[in-house]
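Since every read-out is calculated from the coordinates, none of them should be taken as a lab result. Worth saying up front: this structure is predicted, and the values here are computed from it rather than measured. Cβ placement follows ideal geometry from the backbone for every residue including glycine, while neighbour counts extend to all protein chains displayed.
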Amino acid sequence: MQEALAASERKFRTLAENLPNHLARYTIDGRTVYLNPKLETLLGYRTDEVAGRTPTQIFPDGRYAEYESRILETARTGNDSQIELSIVVEDGTQLAHHIDCVAERDDTGAVVSVLVIGHDITQRRRAEVDLRMAASVFQAAGEAIVITDPTGVVLKANPAFTQITDYDFADIDGHNLFELDNAAYAGIQAALEQDGSWLGEISCSRKSGESFIQRLSIAAVNDENADVIQYVCIFSDISQAKRHEAQLEYIAHHDVLTGLANRMLLTARLDEAAEKAHRAGRLLGVLFIDIDGFKSVNDRLGHQVGDQALVQMAQRMIASLRDTDTVARIGGDEFVILLPDLSDVAGCEMSASRLLKAIAEPIDVEGYRFALSASIGIALYPEHGDDADSLLRRADEAMYAAKRNGRSQYVFCSDDSRNGLHLDSSRVYRLRLALEQNQIEVHYQPIVDLATGRVVKAEALARWRDPERGLVLPSEFIPLAEDSGIIHAIGDRVFSLALDVAEAWNKLCPDGGKRRISVNRSPREFLDPDGVDNWIAQLDERGGCIGHMLSVEITENLLLDDRPKVLCQLAKLRSAGMTIAIDDFGTGFSSLAYLKKFAIDDLKIDRSFIVDITDDPSDRTIVESVIVMARHLGLCLIAEGVETEAQASLLTSAGCDYAQGYLYARPMPAKEFLDFVVAAETGALGVVA
Ligand code: C2E
Ligand code: CA
Ligand code: CA
């Protein structure tokens, strides 16, 4: 019997010592009888060190109190019990143990000891936590997660999948994911087979058919033999982000106020266009546009009005160009236009003229009405540069040349279009305002027929009736008007007022006499992109042959510039019945022989020759020879600045036809002039009668 017991005890030890589990035996009052080696290692005590002591005696900090009470409970009730214990070991790691307490009985069935078996379930617990975590991620993820078998058949899909695609799990359960949207997934499967994963953006459709962009990543899950057992597909709807990205992209390349391309986009397009022009052997026009005097709009009417004006400018520019042209805003009032695919310079000039015209239309903003003009500098590829930088720089230089030339015009880039000069924009603004508020008026200076003493002609001379400064003479504002381009509008105004007076004069003295009012037209005005069309249109509006009552005074130097543009304008004026007079003759570079080439009617000998005509024999000789040659050429002569009777009689005897000067009258307002001519007429007739 003893032997049998000892044998069974040995068997137990052998088993206990080789068991991978922890094993211990306690007396029914909880005192340690035996710890197997594994448990000894875990606790850090050998059996002989702790035999006869209860767990709480061994560990007085109470960490095994629960453990001990289970042992005692099993001993008392005889029922097996389990407990899960979390044990913190020496190095601080936390281990999870499942512990079974089993009552050991003697032959009578009385509990004699308690056997405790512990399993380390740390791994299992961790795996469970991982799984729980994975499950909750799967459920709660914002990304759609679909798990498929190696062929793509859907095994699982999370709620986000439904949210994004509108497909319920039931819709796709057992279906092949890749076949849901063949087009979208094309090629992906092949890549998966090769690489085991795929990452990218695809466009696919929701259940409703609406398409969206997904960022998709697919990874293969392999078993220990490296065979694919599943695919995990994770994707999110990035349509919104894409839209946002596109918006950012748009903002980075466009001007917020006008929606036009900004400098960045312009430069890119310019390089691209130059490249294309090179390949096609065509021209590319680069127009640098600066709105004249724009600062004063901002200063006087506020930025809001200024901004609105810029928006209107932008719209007009777009409207006056081809779809293939690019309009960019690169600074406050600076625009750049690309005209690709030009066959010749004329096409470029046409666009520039159209732009000038479109910009000059009156602008209505918030109850204000005003007109602006622009200066345009033009550089051409390949003539003036072959990259964005140099083309823009050259066009910019040409723009400054346009400003210096009098604004409101376009200028092609050339080598002398460098060094800039700025105009006083507040003076320009005042002048523009003066024009709008009808402060520009015209005075008329009679021109007398020396043979009869009758007033048969008059010169229209511009005046600015400034409410602050009084009457301002042309020397003060004509140069500014020319520099700023306002001269075109002033010329039109003077012309129209002169027409009124010509008509009135004709009505007052309806005797069929040949009367003419001459109007000055400065060289700048011949640069008007519209040429003389405005003047001709005004004549047409009045009907009849009012053109025969007008003359246009030009300077002789204008004729040195024998561009077809100038000659064509002169021809148009003449065919409308007007005569052409050379103003200030003798001060320029031309000779009478040279003038013969042109269709000129009158010569006005400059005042500087008349002043000393009675005292200076050489001046007298010059004037006399001019008179002889002019007669020979069939030109009519008018002496300017005649102030004395002596001058008048000398000119009369030399054969001069007409005289103008303070001797007869100073320039005077329209009404005074008309009274003057009526009085002179009756006086002169009286003499005859
Ligand atoms: P201009 O064409 O040579 O005009 C004649 C100028 O001589 C006028 O000066 C006139 O007042 C002045 N004058 C006339 N008789 C005498 C005289 O006996 N003695 C003196 N000392 N001066 C006399 P004004 O009106 O100051 O005009 C100056 C210039 O302004 C004009 O010279 C003309 O070139 C320009 N101008 C005037 N009105 C216009 C216009 O409507 N358009 C353009 N483009 N230029 C204009
Ligand atoms: Ca004149
Ligand atoms: Ca003159």
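A few notes on this one:
- The range 559-657: chymotrypsin sites (Phe, Trp or Tyr not before Pro) in DSSP loop, at most 14 other beta carbons within 10 Å: 589
- The range 47-86 and the range 180-230: distance between their alpha carbon centers, rounded to Å: 56 Å
- Part-to-part distance (alpha-carbon centres) for the range 595-672 and the range 316-343, which is given in Å: 51 Å
- Three semi-axes describe the equivalent ellipsoid of the range 438-680; taken as square roots of 5 times the Cα gyration tensor eigenvalues and ordered largest first, they are 26, 22, 19 Å.
- Among 330, 359, sorting on how many other beta-carbon atoms sit within 10 Å of each Cβ, with the fewest leading, yields 330, 359.
- For a modelled paramagnetic label at residue 128, 7 Å from Cα along Cα-to-Cβ, the residues of the range 55-96 in reach, with backbone nitrogen under 11 Å, are 84-85, 96.
- Here r is the Cβ-Cβ distance between residue 63 and residue 186 and R0 is 60 Å; the resulting FRET efficiency, rounded to 0.05, is 0.45.
- A simple spin-label model places pseudo-atoms 7 Å from Cα toward Cβ; at residue 469 and residue 427 they are separated by 0.8 nm.
- Virtual paramagnetic centre 7 Å along Cα→Cβ of residue 343, amide N under 20 Å, in the range 371-414: 380-383
- Residue 219 paired with residue 574, simple spin-label distance in nm, labels 7 Å along Cα-to-beta-carbon: 9.1 nm
- Mean projected area (nm²) of the alpha-carbon convex hull when the range 46-183 is viewed from all directions: 15.1 nm²
- Lysines with Cα under 30 Å of residue 403, excluding same-chain neighbours fewer than 8 positions away: 295, 357, 565, 572
- For the range 254-421, pairs of C-alpha atoms spaced more than 28 angstrom apart make up 17 percent of the total.
- Gained length - residue 631 relative to residue 232, 0.36 nm times residue gap less alpha-carbon distance: 133.1 nm
- Restricting the range 99-198 to chymotrypsin sites (Phe, Trp or Tyr not before Pro) that sit in a DSSP loop and have at most 15 other Cβ atoms within 10 Å of their own Cβ leaves nothing.
- Cα point-scatterer Debye curve for the range 141-242, base-10 log of I(q)/I(0) at q = 0.10 Å⁻¹: -0.24
- Once the trypsin sites (Lys or Arg not before Pro) in DSSP loops with at most 14 neighbouring Cβ atoms within 10 Å are cut out of the chain, the longest remaining piece is 64-205.
- Length added when fully stretched, residue 323-residue 439, from 0.36 nm per residue minus Cα-Cα: 37.6 nm
- Extension gain, residue 361 to residue 679: 0.36 nm times the residue separation minus the Cα-Cα distance gives 110.2 nm.
- GluC sites (Glu not before Pro) within the range 88-192: DSSP coil, no more than 15 neighbouring Cβ in 10 Å: 90
- With the simple spin-label model, which puts each label point 7 Å out from Cα in the Cβ direction, the residue 542 to residue 239 separation comes to 6.8 nm.
- The Rg/Rh ratio for the chain, using Cα coordinates for both the radius of gyration and the Kirkwood hydrodynamic radius, is 1.47.
- Among 290, 100, sorting on how many other beta-carbon atoms sit within 10 Å of each Cβ, with the fewest leading, yields 100, 290.
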